[in-house]
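One structure is given below, encoded as structure tokens.
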Amino acid sequence: MELTVEEMRRPPQVYAWSRFGHPEYTDWLDESLSWKQTCSFGDWSFLWQHRFTGPDAVRLIADFSVNSVEQWETGQSKHAIHTNRDGKVVHEGVVTKFGDEDYVVHGRGGFWLDHQLARGDYEAQCRQEDWFVFQVAGPNALAVLDAVTDTRVLLTTAFMRISQIEIGGHPVWALRQGMSGEVGFELQGPREEGEEIRQLLMEAGRPFGIRRIGARVTPINHLEASYPTIATDYIPAIFDAELADYLAEFRSSMPDFAQPAYIAGSYDGQRVSEYYRSPVELGWGRNVRFDHDFLGREALEVEKASPRRVLRTLVWDAEDVQDVYASLFRPGENYEYMDMPRDQRGFMWADRVSRDGATVGVATSRGYSYWFRQMISLSTIDVAASELGTELVVHWGKPGGRQKEIRAVVAPAPYKEDRSRGDLGTR
């Protein structure tokens, strides 16, 4: 089934972010400060896991990922990015090497690799896993973990490496990462042990100000730390006719009422492919390595040598944003509702960005940062308009409907200082 932009503009039947749990656990303002001031607990257990084993597992991953696999060490994780032949992102996620012939793929990418495995000449196997995935992050993250396990091994765990710890008598994999831009560990293990481990962490974290972050605010840490998200900052490049078989396979893994992506906002794309993005446009150019052949290499070699668009943060003018809300209290037609802290329904909310009337980019992930007291967004912007401090305009509304011109200033991406790396032994 081929979906059009018009069909993707139909609202979903359920709120997409409900997969993170309740909307709020304390309240979203309180929760949004936790990963900066104390400690946050986030639940990503909805992610799919696929395990690829066998002599050709790594060759399969290399053939369909932009990342180099040459120096991939056991215990190392990569942000693996999979592209189509035009260099646009199909899927992306974390892949961990557990052994020379043993790799676990988190996220949608496992479906893509399994699809290619079935059609290629690879001596490898794939099976689905079912894990809990908990993220503990913030300045007190190590203190919380120290209350439930021996953290000496974690102090020497490098960024994007895994170590095994024990919590409540259960072995747990701890991946050091920083999706919130703060020191964090992603805890992984069999789903049936997850609830016990969650309770132990939340109880141990009370003295350290731990907060479970709910569905309303969880995506804000991706926005502040500049981690573009599938179906939010880009539409997966799986809607072309040549990938009809794969799209059908992928959709069979979803509920009948759901579709892989939804579109909203003022950007008036006529084709779904206008909402595709490349790794370079999403700020992931450093992951693209040309030491191996992979699907999309030729297109990315050209783009990486001379990028047309780059990723930036936009800071939206407060008075213009306030006028959007004020329109709800005035007679007549109001502006499109601006959800707080951001859209909860799961759209790729893509808004046109202009300078002197000409389109220069698209704003996505619009959200309110209580930490900064600002409305911000990510944006793929033409290189010529991407200099920090450049004044642009975001068009808020629907194509053909009433729109509010909101002044915006180009800022760095990530917007929040990245404090996720460095030597943990000195903290």
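The values are calculated or read from the model by the stated rules, or taken from the named source; none is laboratory data. On a predicted model such as this, the values are computed, not experimentally measured, just so you know. Glycine gets a Cβ as well: all are built from the backbone with ideal geometry, and neighbour counts include every protein chain shown. For the accessible areas, the whole protein counts, side chains as well, though only heavy atoms, and no ligand, DNA or RNA atoms are used. Shrake-Rupley method; radii C 1.70, N 1.55, O 1.52, S 1.80 Å.
Quick look at the values:
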{"read-out": "Counted residues, region 272-298 - those being closer than 27 Å to T313 by Cβ and surrounded by 14 or more Cβ atoms within 10 Å (Cβ to Cβ)", "value": "18"}
{"read-out": "Single residue of D114, D121 found to be open to solvent by 40 Å² or more (accessible area, probe 1.4 Å), in contact with a strand residue (DSSP E or B) (Cβ under 7 Å, 6 or more places away or on another chain) and either assigned to a helix (DSSP H, G or I) or of a type outside the set (S, T, N, Q) (or both)", "value": "D114"}
{"read-out": "Tabulated pairs, region 360-381, first under 14 Å from W28 (Cα atoms), second part of a strand (DSSP E or B) and not aliphatic (A, V, I, L, M), C-beta under 6 angstrom, 6+ apart or interchain", "value": "G367/R342"}
{"read-out": "Residue in region 253-271 that is in a helix (DSSP H, G or I) and open to solvent by 10 Å² or more (accessible area, probe 1.4 Å) present", "value": "no"}
{"read-out": "Test result for A413, within 29 Å of Q259 (Cβ to Cβ) and in a loop (DSSP other than H, G, I, E, B)", "value": "yes"}
{"read-out": "Residue list for region 199-224, filter: of a type in the set (S, T, N, Q) and open to solvent by less than 40 Å² (accessible area, probe 1.4 Å)", "value": "T218, N221"}
{"read-out": "Residue in region 4-19 that is open to solvent by less than 30 Å² (accessible area, probe 1.4 Å) and over 30 Å from Q270 (Cβ atoms) present", "value": "no"}
{"read-out": "Checklist (1) of a type in the set (G, A, S); (2) open to solvent by less than 10 Å² (accessible area, probe 1.4 Å); (3) touching a residue at least 60 places away in the same chain (Cβ under 8 Å) applied to G109, failing item", "value": "(3)"}
{"read-out": "Residues being hydroxyl-bearing (S, T, Y) and open to solvent by less than 30 Å² (accessible area, probe 1.4 Å) - total across region 21-37", "value": "2"}
{"read-out": "Selection count where residues are in contact (Cβ under 8 Å) with a residue 12 or more places away in the chain, under 23 Å from the mean Cα position of the chain (by Cα) and either surrounded by 15 or more Cβ atoms within 10 Å (Cβ to Cβ) or within 13 Å of Y368 (Cα to Cα) (or both), scope region 308-349", "value": "19"}
{"read-out": "Near pairs, Cβ below 8 angstrom, 6+ apart or cross-chain, from region 399-425 (within 24 Å of S386 (Cβ to Cβ) and open to solvent by less than 60 Å² (accessible area, probe 1.4 Å)) to any residue that is of a type in the set (K, R) and in a helix (DSSP H, G or I)", "value": "K416/K36"}
{"read-out": "Residue count, region 136-172 (criterion: within 21 Å of the chain's Cα centre (by Cα) and open to solvent by 20 Å² or more (accessible area, probe 1.4 Å))", "value": "4"}
{"read-out": "Close pairs from region 232-256: first in contact (Cβ under 8 Å) with a residue 40 or more places away in the chain, partner of a type in the set (D, E) and assigned to a helix (DSSP H, G or I), Cβ under 9 Å, at least 6 apart", "value": "I235/E274; E249/D114"}
{"read-out": "Verdict on R355 being among the charged types (D, E, K, R) and under 24 Å from the mean Cα position of the chain (by Cα)", "value": "no"}
{"read-out": "Test for S40: is it open to solvent by less than 30 Å² (accessible area, probe 1.4 Å), in contact (Cβ under 8 Å) with a residue 60 or more places away in the chain, touching a Ser or Thr at 6+ places or on another chain (Cβ under 9 Å) and not charged (D, E, K, R)", "value": "yes"}
{"read-out": "Strands (runs of 3 or more DSSP E) wholly inside region 299-375 containing at least 2 residues that are of a type in the set (K, R)", "value": "309-316, 351-355"}
{"read-out": "For A385: the one exception among (1) aliphatic (A, V, I, L, M); (2) buried (at least 20 other Cβ atoms within 10 Å of the Cβ); (3) touching a Leu at 6+ places or on another chain (Cβ under 6 Å)", "value": "(3)"}
